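Bear in mind that the values in this text are calculations on the coordinates, not laboratory data. What you see is a predicted model, and the numbers here were worked out from it, not measured in a lab. Here Cβ is always computed from backbone atoms with ideal geometry, including for glycine, and neighbour counts include all displayed protein chains.
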Amino acid sequence: MDIIQICLDLYIFFFGLFAGMAACLWIEKIRRGRGASLRTACTGCGRKQTLPELIPIAGFILMGGRCKKCGAPVSLRTPFIEIL
């Protein structure tokens, strides 16, 4: 494999992660009647997520699957959809 192919594969992988995150958040917000904004917040306390917490899969791992402020669990559906 040459370097261009590796870079293209990584680009497609990360684009897929972010597209999965955006789709999951958008669907969840519309389902709850909150509009189509991609800015995420805890469903328990309303705390807005910081930039590192918004990184697909890594953000879930960094937070330990819970909100940093109130400890409310984050749905496993979000990282699962991001992986798909």
Give the long-range amide H neighbours of residue 66: residues separated by 5 or more places, or on another chain, with amide H under 5 Å away, using H modelled in the peptide plane at 1.01 Å from N. 74
For every helix of n ≥ 4 consecutive DSSP H residues, a contribution of -39,500 (n - 2.57) applies; sum these over the chain, divide by its total residues, and give [θ] at 222 nm rounded to the nearest 500 deg cm²/dmol. -16500 deg cm²/dmol
Can you give the alpha-carbon Rg of the chain over 2.2 N^0.38 Å, where N counts its residues? 1.21
HN-Hα J couplings of region 54-67 from phi, Karplus 6.51/-1.76/1.60, θ = phi - 60°, integer Hz, Gly and Pro as x? 8, 5, x, 6, 4, x, 4, 5, 4, 7, x, x, 9, 5
Could you put 32, 66 in order, starting from the residue whose Cβ has the fewest other Cβ atoms within 10 Å? 32, 66
Just 69, 48, 29 to compare: in a GNM of the chain, with alpha carbon springs under 10 Å, which one fluctuates most? 69
